[in-house]
Amino acid sequence: MAIHLEEYEELLEDLPHDAREVLTGAWHEAARVFSPRGLDNYLKGAVALHNLGRGEDLVVSFLQEMPAMSRAIGEDVLPELVNFLLGMASKTSGQVLSLIISTAPLAAERLGDDTLFRGFLGVLQVMLAQAPRGLRPMLENLDRLLTQLTLGGLRRWVNWGAQAYKTDFEGQVNYFSLHSPDAVSVLKAERKGTLFVDVQRRLNIYLRAMWGRDFFMRPTAGDYESREGLKPFIEHYVVHIADAYDDYRPEGDATAEDQLVSGLEVYRAAANHCAAHLVFTKDPLSMEELDLVQMAIIGVIEDARVEELACQQFPGMRASWLALHPKVDFGEPQTIGALLNRLARALLEPDSADPHPWVREGVQLFREETDLSSNQISWNIGVALSHSLGRIPLPEFNFRTDIQHAIYRDDNRTIWESEEYDVQAALEATWGGKQVRREVSVMEMVNELDYEFAGDDAQEVWVLPTEFYLDQEGVTINELEGRPPISEPFHYHEWDYQIQLERPSWVTVLERNPVLGELDAIEQIITDYKPVISQLKYLIESMIPQGMQRLRRQEDGDELDINAAIRAMVDIRSGQQPDTRVMMRYKRNVRDLAVMVLLDMSESANDKVRGQDYSIMDLTRAATVLFADALDRIGDPFALHGFCSDGRHDVHYYRFKDFEQPYNDLVKARLAGMQGSYSTRMGAAMRHAGHYLKQQAKSKKLLIIITDGEPADNDTRDPQYLRHDAKRAVEELSREGVMTYALSLDPHADHYVSRIFGASHFTVLDHVERLPEKLPMLYLGLTR
C-alpha cells in the first residue's frame with residue numbers, strides 16, 4: 001500500500017504549522033524518492049531537528065532539501081547527516097546548520113557518490129573544529145568551489161586556510177569568502193582539469209553509442225590525501241572512476257600542445273577499458289597457487305586480450321590507448337615493473353620494436369593465439385612468462401611500486417575470483433559437510449531410515465514422493481512432525497536499472513502448498529454476493545461458446561442460403577437490384593484463450609479497509625471466488641496463483657488452482673485459507689506465472705495481477721529498483737505473447753502502476769469494496 005502522511009500524525013503533531021504545510025507540499029516528491037524506511041528516517045529526522053529548538057527555518061530547510069539530496073546519492077546517508085547536525089548543534093548556530101542543509105543537495109549532486117558525501121561532512125567537521133568563522137562564507141561559495149575542486153582538493157584548500165589563519169578570525173572570513181589572494185592562489189593550485197560530474201552524462205551517452213548498452217559509473221576520490229589519482233576499478237558490475245583527471249602530458253611540462261591528451265579523452269579511454277573487461281570477461285580466474293608476480297603478469301596479458309578484442313570492433317581505440325602509455329626506455333630494465341610496462345605497450349602496438357627478449361617472447365605467445373574469447377589464455381601465457389622472468393636478474397617484485405603506469409588502466413580486481421573470508425562457509429567446513437537431500441523409495445524409508453524426526457542439522461534429508469503413514473497412529477510423519485513441503489527452487493534473473501544489466505539467477509521462487517481453510521467461508525461469500533452473481537448471470541451466458549454458429553447472408557460460404565436466394569429471385573422478377581449475399585457459412589465459436597489470476601498476498605493485504613470491519617484479503621478472496629465461478633461457467637481454462645516474498649532468496653508462490661485442475665471444493669478450501677504475509681517482489685512472481693502460462697497452447701494468454709501496493713521487499717532500499725524490474729518483467733512477457741493487466745487496490749497507485757504496466761493495461765479501484773463485482777466485469781470486458 002502507498003504510505004500516507006496521516007499515518008504519521010502522532011509523530012508530527014509537535015511540528016510548527018509552517019513546517020507541516022511544507023511537509024504536505026513536499027510529501028508527494030518524498031514518497032517517490034524514499035523507501036518506507038527512508039520516509040520514516042526523513043520524518044524522524046525532522047522531528048529530531050525540531051526538538052533542538054534552533055528555529056523553524058532549520059526544520060523547513062530539512063523538509064524541502066532532503067528529497068533532492070537523496071535523489072542524487074541515495075537515502076542511506078540521511079541518518080548520518082541528521083546525526084552530524086545533532087552533533088554540531090552545540091558548536092555552531094542554527095543559521096549555519098540551515099545553510100549546511102540547504103547546500104547538501106548541491107554537494108550531493110557535484111560529488112555524485114554517498115561515500116564522497118560522507119567525506120564532505122568530514123571536511124565540514126574539520127572546519128568547525130579549526131576554522132569555525134570560515135564555515136558560513138565557505139558554504140556560500142560552495143558552488144564555485146565544487147565546480148573547480150575535487151573532494152581531495154577541497155580538503156587541502158580548507159586545511160591550508162585553517163592552518164594559515166588559525167588565530168586570525170578576520171583572515172578566516174576573507175580566505176573562505178575567496179576574497180584574499182591566498183585563497184585564489186591555492187584554489188588555482190588545487191584545481192583539476194576535468195571533473196567527472198561535468199562529463200558523466202556525455203560519458204554515458206558515449207558508452208551507449210559505442211557498446212550498445214549502458215554501464216553504471218561512480219566517482220571515487222582518487223586524490224583525497226595526495227595529488228595522485230586512484231586507478232579505476234570494477235566492483236559488482238559498477239565502474240568506479242577517479243572524480244577528476246588533469247590533461248595528460250606524456251613529456252611533462254615540455255609536452256607540445258598537439259601531444260596533450262585532454263581530461264575528457266582520458267575518461268573515455270578509462271571507461272572503454274573497463275567496458276571491455278565487462279563485455280569480454282565472462283568468468284573470473286582462479287588465484288590458487290599463483291604468486292604476486294604471476295598475478296601481475298596475467299593481469300597485463302588479460303588487459304591486452306580485452307583491448308585486442310575491443311580494437312577488432314573499434315580500431316580507433318588503439319591510438320587513444322597508446323597515447324596514454326608512457327614513453328618506453330629501451331635500455332636495460334632495473335625493475336620488474338619496468339618490464340611489465342614495456343610488455344603492456346608492446347602487446348597493444350601492432351608492430352612492436354621492443355628489443356628485450358622477454359617482451360618479445362610475451363608478444364610472440366600472445367600473437368600465436370587465434371582465439372581470444374577465453375581468459376584462460378591469459379593465465380597460460382602469464383604462467384609461462386613468469387618462469388622466463390625468473391631467469392632474469394632483477395630486484396624482488398614490489399606490488400606497491402611495480403605496477404602499470406598507463407593512467408587509464410584499472411587495478412584488475414575484477415578478473416580474479418573473490419576469496420573473502422566467509423564465516424558461514426568456514427563454520428560448515430569446520431563442523432560438518434553440506435546437507436544432502438535424497439529422494440528414496442518406500443522400502444528404503446522403512447528399512448534404512450535412521451531417525452525419522454531428525455532436525456535441520458541432519459547430514460541427509462530423505463524425501464519420499466508419497467506420504468509415509470505410521471501404522472499405530474494412522475497419520476503420516478509429516479502430519480505429526482513435518483513441515484509444509486516446498487518445491488525445488490526456481491531461479492530467475494532480475495533487472496537492475498542502475499547498471500542496466502540483468503542479474504542472472506538472482507531471485508529464488510519456492511512453491512508451497514496452500515493452507516486449507518473452512519468451506520463455510522466460501523459459502524458465505526456466495527450468499528453475501530447473490531445480487532452480483534445474478535447480474536453476472538446473463539453476461540456469462542452470452543459469452544458461453546455456442547458450438548457451431550450459422551452465419552446467413554454471406555458473399556461467400558459453405559452452402560446456399562435458401563431464404564436469401566428466394567428474396568433475390570423475387571427482386572429480379574420485380575425488376576429490382578437483388579442482394580448478392582445468398583450464401584451461408586458455418587463458424588465454430590471457440591474462445592481460444594487461457595487466463596491466470598496472480599494474487600498479491602503481502603502483509604498489507606491483512607489491513608482493514610478504511611471504515612469497514614473486513615480486510616483487503618477478505619475482498620480479494622471474495623472477488624477471486626466470484627471470478628473463478630464465472631470462468632468455470634464460461635469454460636475458459638484458468639489458473640489461480642498467489643505470491644509474497646521474504647527477500648530475494650525466498651519468494652513464496654502458491655498454486656490454488658492450475659489450468660488442468662477442476663474448480664472444486666479443494667480449490668475453494670485453499671482460497672478460504674489465504675493469509676497475507678511478508679512483502680511484494682512482483683517481477684519474480686510474474687516471471688514464474690509466465691512460466692506456466694507459456695505452456696498453454698492458446699493463441700491468447702492473459703495474466704491479471706491483483707495487488708494492493710507497489711513492488712517492495714525487505715532487502716531492497718531503493719523504491720525504484722523493484723518497480724523497474726516489474727516493468728521489465730511485463731515487457732518480457734509481452735514479447736512472449738502474454739498480456740498483463742493490473743487491478744490495483746491502492747487509490748494512489750496511478751503514478752507508478754501506469755509506468756509498470758502501460759497506460760491502458762491497469763485499473764485503479766478508488767473504492768476497494770467494489771472489487772468483487774469489478775473483477776468479473778473487467779474480465780468479461782477484456783475478453784469479449
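Taking the listed residues GLU170, GLU109, the one that is outside the structural domain of VAL239 (by TED's automatic domain parsing), over 25 Å from PHE216 (Cβ atoms) and of a type in the set (Asp, Glu) is GLU170, with no other qualifying. Count of the stretch 300-347 residues, restricted to those that are under 22 Å from LEU264 (Cα atoms), in a loop (DSSP other than H, G, I, E, B) and not basic (Lys, Arg), is 7.
Listed here are the residues, each with its yes/no results for (1) under 26 Å from ASP354 (Cα atoms); (2) within 30 Å of the chain's Cα centre (by Cα); (3) surrounded by fewer than 17 Cβ atoms within 10 Å (Cβ to Cβ); (4) polar (S, T, N, Q).
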position	(1), (2), (3), (4)
VAL261	yes, no, no, no
ALA276	yes, yes, no, no
GLU302	yes, yes, no, no
GLU308	yes, no, no, no
PHE330	yes, no, yes, no
GLN334	yes, no, yes, yes
GLY337	yes, no, no, no
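One residue stands out in the stretch 244-267 among those that are of a type in the set (A, V, I, L, M) and either in contact with a Cys (Cβ under 8 Å, 6 or more places away or on another chain) or assigned to a loop (DSSP other than H, G, I, E, B) (or both): the one that is nearest to ARG110 (Cα to Cα), namely LEU260. On the stretch given as the stretch 600-627, residues that are part of a loop (DSSP other than H, G, I, E, B) and either surrounded by fewer than 23 Cβ atoms within 10 Å (Cβ to Cβ) or touching a Lys or Arg at 6+ places or on another chain (Cβ under 7 Å) (or both) total 7. Out of the stretch 366-420, which residues are closer than 30 Å to PRO250 by Cα, without any contact (Cβ under 8 Å) to a residue 40 or more places away in the chain and part of a helix (DSSP H, G or I)? Result: ARG367, single match. Filtering the stretch 657-678 to residues that are surrounded by fewer than 23 Cβ atoms within 10 Å (Cβ to Cβ), touching a Ser or Thr at 6+ places or on another chain (Cβ under 8 Å) and either outside the structural domain of ALA742 (by TED's automatic domain parsing) or at negative phi (or both) leaves MET674, GLY676, SER677. Which ones in the stretch 166-225 are touching a residue at least 40 places away in the same chain (Cβ under 8 Å), in a helix (DSSP H, G or I) and of a type in the set (Phe, Trp, Tyr)? Within the stretch 166-225, TYR175, PHE176, PHE196, TYR206, TRP211 qualify. Listed here are the helices (runs of 4 or more DSSP H) enclosed by the stretch 48-124 that have at least 1 residues being under 29 Å from the mean Cα position of the chain (by Cα) and more than 27 Å from THR150 (Cβ to Cβ): 56-73.
If we scan the stretch 341-356, do we find a residue that is crowded, with 17+ Cβ neighbours inside 10 Å and at pLDDT below 90? Yes, the conditions are met somewhere in the stretch 341-356. Does THR194 satisfy being out of contact with any helix residue (DSSP H, G or I) (no Cβ under 6 Å at 6 or more places or on another chain) and β-branched (Val, Ile, Thr)? Judged against the criteria, THR194 is not a match. Could you check ALA630 against (1) in contact with a Pro (Cβ under 7 Å, 6 or more places away or on another chain); (2) surrounded by fewer than 23 Cβ atoms within 10 Å (Cβ to Cβ); (3) under 25 Å from ILE486 (Cα atoms) and say which number it fails? For ALA630, the exception is condition (3).
A quick yes/no check of all residues on (1) in contact with a Lys or Arg (Cβ under 6 Å, 6 or more places away or on another chain); (2) over 30 Å from ALA164 (Cα atoms); (3) touching a residue at least 40 places away in the same chain (Cβ under 8 Å):
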site	(1), (2), (3)
GLY94	yes, no, yes
ALA104	no, no, no
ARG110	no, no, yes
VAL126	no, no, no
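Could you look through the stretch 279-294, keep only residues that are in a loop (DSSP other than H, G, I, E, B) and over 22 Å from the mean Cα position of the chain (by Cα), and pick out the one that is nearest to PHE215 (Cα to Cα)? Among residues in the stretch 279-294 that are in a loop (DSSP other than H, G, I, E, B) and over 22 Å from the mean Cα position of the chain (by Cα), the one nearest to PHE215 (Cα to Cα) is PRO284. The stretch 684-768 holds strands (runs of 3 or more DSSP E) entirely within its bounds, and those carrying 1 or more residues that are modelled with pLDDT of 90 or more and in the same structural domain as ASP646 (by TED's automatic domain parsing) map to 700-707, 738-744. The residue pairs whose first member lies in the stretch 620-638 and is assigned by TED's automatic domain parsing to the domain that holds ASP658, whose second member is among the basic types (Lys, Arg) and modelled with pLDDT of 85 or more, and whose beta carbons are closer than 8 Å, counting only pairs six or more residues apart or on different chains, are VAL625/LYS668; ALA628/LYS657; PRO637/LYS698; PHE638/LYS657. If you check ILE234, ILE241, ILE297 for being part of a helix (DSSP H, G or I), buried (at least 19 other Cβ atoms within 10 Å of the Cβ) and among the aliphatic types (A, V, I, L, M), only one passes: ILE297. Scanning for something acidic (Asp, Glu) and touching a residue at least 40 places away in the same chain (Cβ under 8 Å), does the stretch 304-327 turn up at least one residue? There is at least one residue in the stretch 304-327 that is acidic (Asp, Glu) and touching a residue at least 40 places away in the same chain (Cβ under 8 Å). Of the residues making up the stretch 718-746, not one is under 15 Å from the mean Cα position of the chain (by Cα) and on the phi > 0 side of the Ramachandran plot. Of all the residues in the stretch 32-64, those that are touching a Ser or Thr at 6+ places or on another chain (Cβ under 9 Å) and within 22 Å of HIS751 (Cα to Cα) number 6.
Note on the stretch 460-572: enclosed strands (runs of 3 or more DSSP E) holding 2 or more residues that are at pLDDT 75 or above and more than 30 Å from TYR721 (Cβ to Cβ) are 547-554. Of the residues ILE297, ILE301, the single one that is modelled with pLDDT of 90 or more, over 26 Å from MET217 (Cβ atoms) and touching a helix residue (DSSP H, G or I) at 6+ places or on another chain (Cβ under 6 Å) is ILE297.
For the stretch 125-177, the set of residues classified as among the hydroxyl-bearing types (Ser, Thr, Tyr), under 43 Å from the mean Cα position of the chain (by Cα) and surrounded by fewer than 23 Cβ atoms within 10 Å (Cβ to Cβ) consists of THR147, SER177, listed by residue number. When ALA276, ALA270 are checked against the criterion of being outside any loop (DSSP other than H, G, I, E, B), touching a residue at least 12 places away in the same chain (Cβ under 8 Å) and either at positive phi or out of contact with any helix residue (DSSP H, G or I) (no Cβ under 9 Å at 6 or more places or on another chain) (or both), ALA270 stands alone in meeting it. The residue list ARG728, ARG717, ARG681 contains one member that is over 24 Å from THR624 (Cβ atoms), in contact with a strand residue (DSSP E or B) (Cβ under 7 Å, 6 or more places away or on another chain) and not hydrophobic (A, V, I, L, M, F, W, C), which is ARG728.
The values are calculated or read from the model by the stated rules, or taken from the named source; none is laboratory data. Remember, predicted model here, so these are calculated numbers, not experimental data. Heads up, the Cβs are rebuilt from the backbone with ideal geometry, glycines too, and the neighbour counts pull from every protein chain shown.
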